[in-house]
Structure formats: C-alpha cells, structure tokens
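*Asks:* One structure coming up, written as structure tokens, with questions to follow.
The values are calculated or read from the model by the stated rules, or taken from the named source; none is laboratory data. Bear in mind that the values here come from a model prediction, so they are computed numbers and not experimental data. Quick reminder, even Gly has a Cβ in these numbers, built from the backbone with ideal geometry, and neighbours come from all protein chains shown. Accessible surface areas use protein heavy atoms only, side chains included; no ligands, DNA or RNA. Shrake-Rupley method; radii C 1.70, N 1.55, O 1.52, S 1.80 Å.
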Amino acid sequence: MASCWWPWRWRRGCSWRPAARSPGPNSAGRAALYAPRAAAVAAAATVAVARAQMSYCNLMKSLTSAFRNMYGVSRFHHTTPVACCFSETLSGEKYTDPFKIGWRDLKGLYEDIRKELFISTAELREMSEYHFDGKGKAFRPIIVVLMARACNIHHNNARNVQASQRAIALIAEMIHTASLVHDDIIDDASSRRGKHTVNKIWGEKKAVLAGDLILSAASIALARIGNTTVISILTQVIEDLVRGEFLQLGSKENENERFAHYLEKTFKKTASLIANSCKAVSVLGCPDPAVHEIAYQYGKNVGIAFQLIDDVLDFTSCSEQMGKPTSADLKLGLATGPVLFACQQFPEMNAMIMRRFGSPGDVDRALQYVLQSDGVQQTTYLAQRYCHKAVSEISKLRPSPERDALIQLSEMVLTRDK
C-alpha cells in the first residue's frame, strides 16, 4: 500500500530499531524465540511481565539520552498543568515547561467549552460537560496554541494568539472528546480518565446524543470563525475519525498490508486531528503554504507517535496509571504495533489476529507472546522515528520559546507513562 505519510516499509524479518541494537537474524537467541512451546510460554508469563516493564523503563532512559544528544533538550516530567519546570540544553539555555507556556493562552479553557455547550436540558448538559472537568491532559489544545504562537512569530514576530486561533484549540478538544464518547459506546467501555464513561452512567442511546451535541457545538464554533479554508481543514478531521473507526473494524491477512492498515488507522483516528488543527492555526496566522505544511507535518508525526506510545502503554502500564483498563486492545480484538511486531517472532499469532483474539485463551496467549518478544521496544523505536521527523519539521521555523516548547513536547510523547 503506497502512502505519502508512511515513510518506512514493513518487511517480514526486518527491524525498525537502529541496526546497532538489533541482533542478527541467525542469532541463537532469535532462533530460540521462533519455536516456543505453549507450556513454556505459559510458565514464563509472570516473569515476562516484570521483564517487559523493566525493559520499557530502561528503554525510556536510553531514548531520553538519545533525544537529548540529538536535539539538545533534557528530560523533565510534567505533573500538573500549572507546574513550572525548567531544563537546560547542552548550551546552557533554559526552556520552560510547554504546559506552562501553553496555559497562558488557555486560561478558562473548560469554562469556555461549557459555555459553548450551554443548553436548557439539565441532563443533556450534564452528559455533554462530563469530560470537560479539567482533569484531562489538554494535550491537543496545548499543541494548538504553541503552534499558533510559533507560526505567528515566524511570520511577522507577532507575540499574541489570535482569538480565532484560540478558538481552534477549543474546537480540537471538543472534537476529541466527542470522539471519545462515541468510541466508548462502540467499545462498550466502562471507564475513561479514571471514572465511569458516559455510556456506563446514562446508557448508550443518551451517550450517542451527548457526543453528537458536542460535535454540533464544535461545528457552530468553527463556522463562527468564518474562514472557509479552516472550515474545510477541520471538517476533514471528522471524516477521518469515521473512516479510521471503520478501518479499526477490519483487518488484513497480508503482513505488509496489515501494518500499513494499522498506521493509516492510527493517522485517521488520532493524528489527523492534531495535524489539521496545527495547520488551521498556521493558516490563520501566516499566508505561507510552506509554513502550513510544516505545521501539518509536525502534528501528523507527533500524533502518530503519541498513539504508538499509547499502544505500548496498554502492555506496560497499570490500570491506575492509565485511568482505563490495560490490555484493552487485545480484548477488543485489535492488533496494535506491539502485537504486529511480536507476530514476526511468533508466527502462530497470525491465526489469532485474523480471528481477532476471539477464541478462548487467545488474549492471554497473545499477551504472553508480546511480553516475551521485542514488540514493545520495536514500537517505541518507531515512535521515536516519528518524533524525530516532527522535530525536524518544526525546527524549520524561526527560533522562539514556543517552537522549542513543541520540540520538548515531542520528547514528552516518548517518555510519558500514562
């Protein structure tokens, strides 16, 4: 499958990781992994879980070091939206926490969203406002306002975010939240962000209406901006969300097609919103099509990396950290990056993937195979490559605190644990 946004070919027996880190295809360790016995796999499951979690922590340390050496930014942990954290580059220059910079333009974010959702029916209003409680990461609005400032500064050294650009941040968060409400219905999910889902509390029928209401409010806010180009850009996101969900409902038999299918689904369901929101604020702030493409490419690559790490965390984090059940993708019949990479080492997983882990014991066996393979590491290395591409793109803009904050956000995508 040819695709302009998928820059690397998938071939059986190949590795996404750097060559120096990958053992030869004929090594004894690799050969032993190709012929596991079911009893041995089951006996080693508990050990494999601990080993996978430890190797993931070690992997994060090595990626952080690589990122720092390549881009001159050092790791910090974001704890709260208002925390102020500083780190230093190799040159000694100080950078501020991207969330600290971004929240200057997002004060009252959730209050403003709730104003957009104001309706007279108390129950419908309560359902629609349920996830706008300020407890989310607000990752997308932060990226949007940072991109707006970075593009404005690049164009004419303007230091302010336009009202229309800030509106895009609200709209992006509303579209994202509406998609979560609808996804939870489709997946019959019971928890999200550490609390019950809308469909769990109010039922599926009312949850559908709540998601639809949020989308309609976002559409009204978008129309109010009055820019037809921006309207076209963001309506593409809604189409991509639907197409991505359809892609997730299907699967491919051929391994090459299967991985391309997975990456296309990842783009449409996750990265399209970030990419097109970044492009929208660049259009509002700068007339240069080259800048629009930089903004889009940054958002696309960061968005894909974000979802790849999310798929990794489904195998390496606990439910308390994630705020939702882990191993959820396997239980939904989904073959994500770690599974597809593990399938290279354990070909018997092919049959499980095609039946969407529907036979008794499939989920447990697939989990054991993933944890004994290098699927987690390979997926993380792939996410690293997408982040490197994002940094390469955003570095084309004129230097500014906001541009550098976007670089740090790329690192945070790789090193997050929830």
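*Asks:* Suppose we filter Gly337, Gly299, Gly285 for residues that are surrounded by 15 or more Cβ atoms within 10 Å (Cβ to Cβ) and either modelled with pLDDT under 95 or in contact with a Leu (Cβ under 6 Å, 6 or more places away or on another chain) (or both); which single one remains? Working first, answer last.
*Replies:* Values: Gly299 fails: either modelled with pLDDT under 95 or in contact with a Leu (Cβ under 6 Å, 6 or more places away or on another chain) (or both); Gly285 fails: either modelled with pLDDT under 95 or in contact with a Leu (Cβ under 6 Å, 6 or more places away or on another chain) (or both).
Selected residue: Gly337, the only one of Gly337, Gly299, Gly285 that is surrounded by 15 or more Cβ atoms within 10 Å (Cβ to Cβ) and either modelled with pLDDT under 95 or in contact with a Leu (Cβ under 6 Å, 6 or more places away or on another chain) (or both).
*Asks:* Quick one: count up the residues across the range 382-402 that are of a type in the set (Ser, Thr, Tyr), out of contact with any Gly (no Cβ under 9 Å at 6 or more places or on another chain) and crowded, with 22+ Cβ neighbours inside 10 Å.
*Replies:* Going residue by residue through the range 382-402, those that are of a type in the set (Ser, Thr, Tyr) are 386, 392, 395, 400.
When the remaining residues are screened for being out of contact with any Gly (no Cβ under 9 Å at 6 or more places or on another chain), the result is 392, 395, 400.
Going one step further and asking which of them are crowded, with 22+ Cβ neighbours inside 10 Å, we end up with none.
The number of residues fulfilling the criteria is 0.
So that you can scan it fast, the table gives a plain yes or no per residue for (1) modelled with pLDDT of 95 or more; (2) open to solvent by 40 Å² or more (accessible area, probe 1.4 Å):
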site: Ser74; (1), (2): no, no
site: Phe86; (1), (2): no, yes
site: Leu117; (1), (2): no, no
site: Arg140; (1), (2): yes, no
site: Leu180; (1), (2): yes, no
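*Asks:* While we're here: Going by the structure shown, is Glu239 more than 17 Å from the chain's Cα centre (by Cα), open to solvent by 10 Å² or more (accessible area, probe 1.4 Å) and in contact (Cβ under 8 Å) with a residue 12 or more places away in the chain?
*Replies:* On the way: more than 17 Å from the chain's Cα centre (by Cα): yes; open to solvent by 10 Å² or more (accessible area, probe 1.4 Å): yes; in contact (Cβ under 8 Å) with a residue 12 or more places away in the chain: no.
For Glu239, the condition - more than 17 Å from the chain's Cα centre (by Cα), open to solvent by 10 Å² or more (accessible area, probe 1.4 Å) and in contact (Cβ under 8 Å) with a residue 12 or more places away in the chain - is not met.
*Asks:* Which one is farthest from Ile353 (Cα to Cα) among residues in the range 370-380 that are out of contact with any Pro (no Cβ under 7 Å at 6 or more places or on another chain) and open to solvent by less than 30 Å² (accessible area, probe 1.4 Å)?
*Replies:* Among those that are out of contact with any Pro (no Cβ under 7 Å at 6 or more places or on another chain) and open to solvent by less than 30 Å² (accessible area, probe 1.4 Å), it is Thr380.
*Asks:* Residues of the range 242-261 being free of Cβ contacts under 8 Å to residues at least 60 places away in the same chain, out of contact with any Phe, Trp or Tyr (no Cβ under 9 Å at 6 or more places or on another chain) and not in a helix (DSSP H, G or I), which ones?
*Replies:* Within the range 242-261, the first condition is being free of Cβ contacts under 8 Å to residues at least 60 places away in the same chain, and the residues that meet it are 242-244, 246-247, 249-250, 252, 254.
So of that shortlist, the ones also out of contact with any Phe, Trp or Tyr (no Cβ under 9 Å at 6 or more places or on another chain) come out as 242-243, 246, 249-250, 254.
Gly250, Asn254 - these are the residues of the range 242-261 that are free of Cβ contacts under 8 Å to residues at least 60 places away in the same chain, out of contact with any Phe, Trp or Tyr (no Cβ under 9 Å at 6 or more places or on another chain) and not in a helix (DSSP H, G or I).
*Asks:* Moving on to the next point. For the range 96-115, how many residues are under 22 Å from Leu222 (Cβ atoms) and either open to solvent by less than 60 Å² (accessible area, probe 1.4 Å) or hydrophobic (A, V, I, L, M, F, W, C) (or both)?
*Replies:* Step one: list which residues in the range 96-115 are under 22 Å from Leu222 (Cβ atoms), which gives 102, 105-115.
In the following step, the residues that additionally are either open to solvent by less than 60 Å² (accessible area, probe 1.4 Å) or hydrophobic (A, V, I, L, M, F, W, C) (or both) were identified as 102, 105-106, 108-110, 112-113.
Result for the range 96-115: 8.
*Asks:* Then there is this: When residues of the range 158-198 are filtered for being in a helix (DSSP H, G or I) and of a type in the set (D, E, K, R), how many remain? Step through it out loud before you land on a result.
*Replies:* Going residue by residue through the range 158-198, those that are in a helix (DSSP H, G or I) are 163-187, 198.
With of a type in the set (D, E, K, R) added as a condition, the list becomes 166, 173, 183-184, 187.
The number of residues fulfilling the criteria is 5.
*Asks:* Follow-up. Just to verify a result, which residue in the range 340-364, among those that are open to solvent by 10 Å² or more (accessible area, probe 1.4 Å) and among the charged types (D, E, K, R), is nearest to the chain's Cα centre (by Cα)?
*Replies:* Among them, the one singled out is Arg356.
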